[in-house]
Amino acid sequence: MTTVFEGRSFADAAAFDGLDCADATFTDCTFEGLSLHGTNFAGAEFVNCRVLRTRFASCDFNEARFRKCLFFDSEAKAGTTFAFCEMRTAEMTDCNFADAVFDRCDLYAVEGKGCSFRGAKFKGSRFDKALSRKVTLTKAQFARCNFSFADFTGVSLRTCELTECKFAETLFWDADLSDAVLKGSTIDRAEWDRARLRNADLRGASIAGLNLSVITDYAGMKISFSQSHELLREIGIDVDPD
């Protein structure tokens, strides 16, 4: 039997002691000032919920679904923290994860649509899973999401789809975007030091400030003809249209 919570306010972590929230439904609920450890939210659905000043540690959000939820406290200017959480195949739609911290989380096959991750930090988080000692599969899909000022330092986004997203002043230091798809995205003054863009697809993307001289590997990178002038200008080459 599915547990249903509607219009509930949770401000005491003790309310979750021993509670299995797998496959539960939370609608119009508020989570405020909580610190939850090891809670099982696998397969749970969160609709129009507010999650304020809350920290989830080692919680299971595998196959969870988030729709029209707020994870940012505008008064405190603070986001939600997910630390060591499992979030494989989680679905996020029209949510605000501004300033959220995803600290060493498992984000394999996560899907995000129309969400804000403005200022979010993905420290040590992974979008991959090991199929064997030599084979690792990376997977994630984001469409129309805002990653402005987000921090992907050292994160592997190989083969991930990041279409029609916004990356303004986003940190990609040491990040691996080999074979990633960024079609139609807006990339403005992002930081690319030591990043890898081998075989990445940037066709149709706005790539202001993309300086190839600081990128470790961009062999096979795909761009449209109109983008070539912008790239060459960034490395000091003037292009004569004639």
TODO: With θ set to phi - 60°, apply the Karplus curve 6.51 cos²θ - 1.76 cosθ + 1.60 along the range 20-30 and write out the HN-Hα couplings as whole Hz, x wherever there is a Gly or Pro.
DONE: 9, 9, 4, 6, 6, 10, 10, 10, 6, 9, 10
- [ ] Step through the residues of the range 5-12 one at a time and calculate ³J(HN,Hα) from phi using the Karplus curve (6.51 cos²θ - 1.76 cosθ + 1.60, θ = phi - 60°), rounding each to whole Hz and writing x for Gly and Pro.
- [x] 10, 9, x, 8, 10, 10, 10, 9
Open item on the list: To check my understanding: the extent here is largest minus smallest coordinate of the Cα atoms along each principal axis. What are those three numbers for the range 36-97, in Å, largest first?
Closed with: 30, 23, 13
TODO: Give me the compactness ratio for the chain, meaning the Cα radius of gyration over 2.2 N^0.38 Å.
DONE: 1.09
TODO: Could you pull out the pairs from Lys113/Lys139; Lys129/Lys166; Lys113/Lys166; Lys166/Lys222; Lys77/Lys139; Lys121/Lys166 whose alpha carbons sit more than 24 Å apart here?
DONE: Lys129/Lys166; Lys77/Lys139
Open item on the list: If you fit an axis through the alpha-carbon atoms of helix 225-234 and take the longest principal axis of the Cα set of the chain, what angle between them do you get, 0 to 90°, nearest 10?
Closed with: 90 degrees
Open item on the list: Going by amide H atoms built from the backbone, whose H comes under 5 Å of the H on Val101, apart from near neighbours?
Closed with: Thr80, Thr81, Phe82, Lys121
TODO: Within 10 Å, count the other beta carbons around each residue, average over each peptide in 25-37, 162-174, and list them highest first.
DONE: 162-174, 25-37
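Please report, in debye to the nearest 20, how large the charge dipole of the chain is about its Cα centre when each Lys and Arg carries +1 at its beta carbon and each Asp and Glu carries -1 there. All intermediate terms of the calculation are to be shown ahead of the outcome.
On the way: 30 positive and 37 negative charges, 77 e Å.
Approximately 360 debye in magnitude.
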Task: the range 83-157: translational diffusion in µm²/s, Stokes-Einstein, Kirkwood Rh over Cα pairs, 25 °C, 0.890 mPa s - done: 197 µm²/s
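Quick note: the coordinates plus some simple rules give every number you see, no bench work behind them. Note that the coordinates shown come from a computational prediction; the quantities given were computed from them, not determined experimentally. Note that we place each Cβ from the backbone using ideal geometry, even for glycine, and neighbour counts take in every protein chain shown.
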